Protein chains: 4
Amino acid sequence: MENKLRQILDHCIDTGSEKDLAALAHVLEGFQNKIDNDYTQYIDGLLHMERKIDKEKKTCEITVPLNAVWNNSLDIVHGGVTATLLDTTMGTVVNAILPEGYVAVTNQLNIHYIAPGIGDTLHCKAEIIHHGSKTMIIEGEIYRSDGKKIAHATGTFFIIQKLA
Amino acid sequence: MENKLRQILDHCIDTGSEKDLAALAHVLEGFQNKIDNDYTQYIDGLLHMERKIDKEKKTCEITVPLNAVWNNSLDIVHGGVTATLLDTTMGTVVNAILPEGYVAVTNQLNIHYIAPGIGDTLHCKAEIIHHGSKTMIIEGEIYRSDGKKIAHATGTFFIIQKLA
Amino acid sequence: MENKLRQILDHCIDTGSEKDLAALAHVLEGFQNKIDNDYTQYIDGLLHMERKIDKEKKTCEITVPLNAVWNNSLDIVHGGVTATLLDTTMGTVVNAILPEGYVAVTNQLNIHYIAPGIGDTLHCKAEIIHHGSKTMIIEGEIYRSDGKKIAHATGTFFIIQKLA
Amino acid sequence: MENKLRQILDHCIDTGSEKDLAALAHVLEGFQNKIDNDYTQYIDGLLHMERKIDKEKKTCEITVPLNAVWNNSLDIVHGGVTATLLDTTMGTVVNAILPEGYVAVTNQLNIHYIAPGIGDTLHCKAEIIHHGSKTMIIEGEIYRSDGKKIAHATGTFFIIQKLA
């Protein structure tokens, strides 16, 4: 496996543009984050997520740096990356307040895309709209580094028992 | 940059588990895909997307292999990855039928998550619900390799003129 | 109560315009429908709903005549009336196929408004996207009498046990 | 027309139950409201809407009394009535702040149903999430008289020029 990995990297270095290699560095550093910090999801590392949970206020905030690797063909953040940031932040709120042995899964997610994702970072905040016994409804918003809101979402999360 | 990249890879190889390195290989191969095939989005490469556009029927289908790197902490496909696959497939339909000089951006996306994303591949199909002059409404569905539907989405796409 | 009803009607007749009285006739006829046909919901009567359930195909179709009473200030069908027609048709599909003792409630409803509701009638069709053990996802569409689609919706319905 | 109206009312009085006639009184009083107050929509009258617009804060609040006529077969408020109240309150915010000559139409509406609509009244509040040049995103919430939130919605409204 080690040789295979080194060969692919060499191939990328030989054939990729300067932009490609900068993007690749971002991805590799993200992967290293995951390993070093023992994140439970690779995606948290890949996106360089910095997470702040406030259990009392029942909120979560996640900040990610932007990089060309997450852009779409219009060179703005891909809508799926916006969705990933929202789903993660919103799901984190739910999981942070659930009692031991319970876990949340996304049942439905509705996203309004408001402005292009550009700039240095995206900052996502999530909070609870409704806390039921079987479902929670969560609201999430993403802001750019210039303060502009780029997305607003609401989602339904199902509360299920973890398998032993 | 080359040295930096090699150092990070060495660090990952030294400190990562077998599972980590398999996941890393998937990501690096995906990155190489992007470079080799000159994809317009890194994400298309990273997710190993195989795309089939039918301009006559106005549909798009994209298949991606699953890999632990795209899973959430429950070890099923992250909802954001599902969203990325839907948004890409749905946006591709719109862009495939727009005349030269026009491009589509996602305005709103509503996703129903139906079943866990597990197995070998995910297969996404998208088709047009409404083709207006300023907006299009697109429907997308994702199926697992065992045939089970895992997600259903509808989205509004805005049609805008490309900047010259 | 009888006198009160007759007094209000007299007041409406005395002070209403011709348009008002035509609208009122539509509402009163709808109310009479409810009584004569022993509908379970007043709304079914008020909207003059004609319902066709196909238990085998698991679909429901409802047609309603249009009338100024259901219009908004732009003189097109109010978005809430469109929603009422969708929710009823979609919920009817679910309830038609549930076993005795179970009932469905709307958990979430997402509606795309596509074209103005004008003309003689609206025709709504609903079918199942996903039939789970605890939830169903239903799709609904509304067409005008000239064949134009005016709305598309998806909704999550929760399956619950009827109270004895 | 007058005779026809009186005949239908007589028929309802002769054949309807006490519950039917109380429901009919609510509808007729609502209709009279529309005529007396010269509302622009019949629905505002029928639902006995009491509206409060705060142009500075850019919010709108509407309260409606509950009545069996708006219930579904489970004897709770019909989801379409909830949607009507949300759509009206949310649209009123948009129209209240648009300059002369412009008007808003609902493009998309996503509703989370949280708790059964029961009790004396429903109180809906709407405020702006995003104010763009061509679209607005509005948030709406409905509370029962006992303070419980029963629904949360977000919607996209298109801003269009009024026809001369």
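The values are calculated or read from the model by the stated rules, or taken from the named source; none is laboratory data. Because the structure is predicted, anything quoted here is derived from the model rather than measured. Every residue, glycine among them, receives a Cβ derived from its backbone with ideal geometry; neighbour counts consider all protein chains shown.
What are the residues in segment C:140-150 that are out of contact with any Gly (no Cβ under 8 Å at 6 or more places or on another chain) and either crowded, with 21+ Cβ neighbours inside 10 Å or in a strand (DSSP E or B) (or both), if any? Spell out the reasoning first.
So in segment C:140-150, the residues out of contact with any Gly (no Cβ under 8 Å at 6 or more places or on another chain) come out as C:141, C:143, C:147-149.
C:GLU141, C:TYR143, C:LYS149 - these are the residues of segment C:140-150 that are out of contact with any Gly (no Cβ under 8 Å at 6 or more places or on another chain) and either crowded, with 21+ Cβ neighbours inside 10 Å or in a strand (DSSP E or B) (or both).
Collect the residues in segment A:46-59 that are more than 11 Å from chain B (Cβ to nearest Cβ) and in contact with a strand residue (DSSP E or B) (Cβ under 6 Å, 6 or more places away or on another chain), keeping them in residue-number order.
A:HIS48, A:MET49, A:GLU50, A:ARG51, A:LYS52, A:ILE53, A:LYS58, A:THR59
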Name the residue, out of C:ASN67, C:ASN37, that is under 28 Å from D:GLU2 (Cβ atoms), at pLDDT below 95 and surrounded by fewer than 23 Cβ atoms within 10 Å (Cβ to Cβ).
C:ASN37
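Does any residue of segment C:118-137 turn out to be on the phi > 0 side of the Ramachandran plot, of a type outside the set (A, V, I, L, M) and over 18 Å from the mean Cα position of the chain (by Cα)?
Narrowing segment C:118-137 to residues on the phi > 0 side of the Ramachandran plot: C:119.
From the residues that got through so far, the ones that are of a type outside the set (A, V, I, L, M) too are C:119.
Going one step further and asking which of them are over 18 Å from the mean Cα position of the chain (by Cα), we end up with none.
No, every residue in segment C:118-137 fails to be on the phi > 0 side of the Ramachandran plot, of a type outside the set (A, V, I, L, M) and over 18 Å from the mean Cα position of the chain (by Cα).
Collect the residues in segment D:123-154 that are of a type in the set (A, V, I, L, M, F, W, C) and within 13 Å of another protein chain (Cβ to nearest Cβ), keeping them in residue-number order. Talk me through it step by step, then tell me what you get.
To start, the set of residues in segment D:123-154 that are of a type in the set (A, V, I, L, M, F, W, C) comprises D:124, D:126, D:128-129, D:136-138, D:142, D:150-151, D:153.
Scanning segment D:123-154 gives D:CYS124, D:ILE128, D:ILE129, D:MET136, D:ILE137, D:ILE138, D:ILE142, D:ILE150, D:ALA151, D:ALA153.
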Being farther than 14 Å from A:VAL93 by Cβ and of a type in the set (A, V, I, L, M, F, W, C) is the filter here, so list the residues in segment A:132-151 that pass it.
A:ILE142, A:ILE150, A:ALA151
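So if I check each of B:ILE62, B:ILE111, B:ILE43, which one is facing chain A (nearest Cβ under 8 Å), under 23 Å from A:ILE111 (Cα atoms), assigned to a strand (DSSP E or B) and touching a Ser or Thr at 6+ places or on another chain (Cβ under 8 Å)?
It is B:ILE111.
I'm trying to understand the selection: among the residues of segment D:1-31, which are of a type in the set (S, T, N, Q), part of a helix (DSSP H, G or I) and within 9 Å of another protein chain (Cβ to nearest Cβ)? Show your work before the answer.
Taking segment D:1-31 as the starting set, the residues that turn out to be of a type in the set (S, T, N, Q) are D:3, D:7, D:15, D:17.
Next, from what is left, pick out any that are part of a helix (DSSP H, G or I): D:3, D:7, D:15.
Within segment D:1-31, D:THR15 is the sole residue that qualifies.
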Cβ-Cβ distance below 6 Å, separation of 6 or more or different chains: which pairs start in segment C:82-109 with a residue that is at negative phi and acidic (Asp, Glu) and end on one that is at pLDDT 95 or above and surrounded by 18 or more Cβ atoms within 10 Å (Cβ to Cβ)?
C:ASP87/C:THR106; C:ASP87/D:GLY79; C:ASP87/D:GLY80
Identify all residues within segment C:114-126 that are assigned to a strand (DSSP E or B) and surrounded by fewer than 17 Cβ atoms within 10 Å (Cβ to Cβ); write none if there are none.
C:THR121
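A quick yes/no check of all residues on (1) over 17 Å from D:LEU21 (Cβ atoms); (2) touching a residue at least 40 places away in the same chain (Cβ under 8 Å); (3) in contact with a His (Cβ under 7 Å, 6 or more places away or on another chain):
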position	(1), (2), (3)
C:LEU5	no, no, no
C:ILE13	yes, no, no
C:GLU18	yes, no, no
C:VAL27	no, yes, no
C:GLN32	no, no, yes
C:ILE35	no, no, no
C:THR40	yes, no, no
C:GLU50	yes, no, no
C:LYS55	yes, yes, no
Go over the candidates C:ILE129, C:ILE137 one by one and state the one that is among the aliphatic types (A, V, I, L, M), outside any loop (DSSP other than H, G, I, E, B) and free of Cβ contacts under 8 Å to residues at least 24 places away in the same chain.
C:ILE137
What number of residues in segment A:19-31 are under 11 Å from A:ALA68 (Cβ atoms) and among the charged types (D, E, K, R)?
2
Any idea which of (1) under 24 Å from D:PHE157 (Cβ atoms); (2) out of contact with any helix residue (DSSP H, G or I) (no Cβ under 6 Å at 6 or more places or on another chain) is the one C:ALA83 doesn't satisfy?
(2)
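Hey, could you check segment C:70-106 for residues that are in a strand (DSSP E or B) and under 16 Å from D:THR84 (Cα atoms) and say which is nearest to the other protein chains (Cβ to nearest Cβ)? Working first, answer last.
Here is the first cut: in segment C:70-106, the ones in a strand (DSSP E or B) are C:71, C:77, C:102-106.
Next, only the ones that are under 16 Å from D:THR84 (Cα atoms) stay: C:71, C:77, C:106.
Values: C:ASN71: 7, C:VAL77: 10, C:THR106: 4 Å.
By that ranking, first place goes to C:THR106.
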When you go through (1) within 7 Å of another protein chain (Cβ to nearest Cβ); (2) part of a helix (DSSP H, G or I) one by one for D:LYS34, which number turns out not to apply?
(1)
Taking only segment B:40-64 into account, find how many residues are modelled with pLDDT of 95 or more and among the polar types (S, T, N, Q).
2
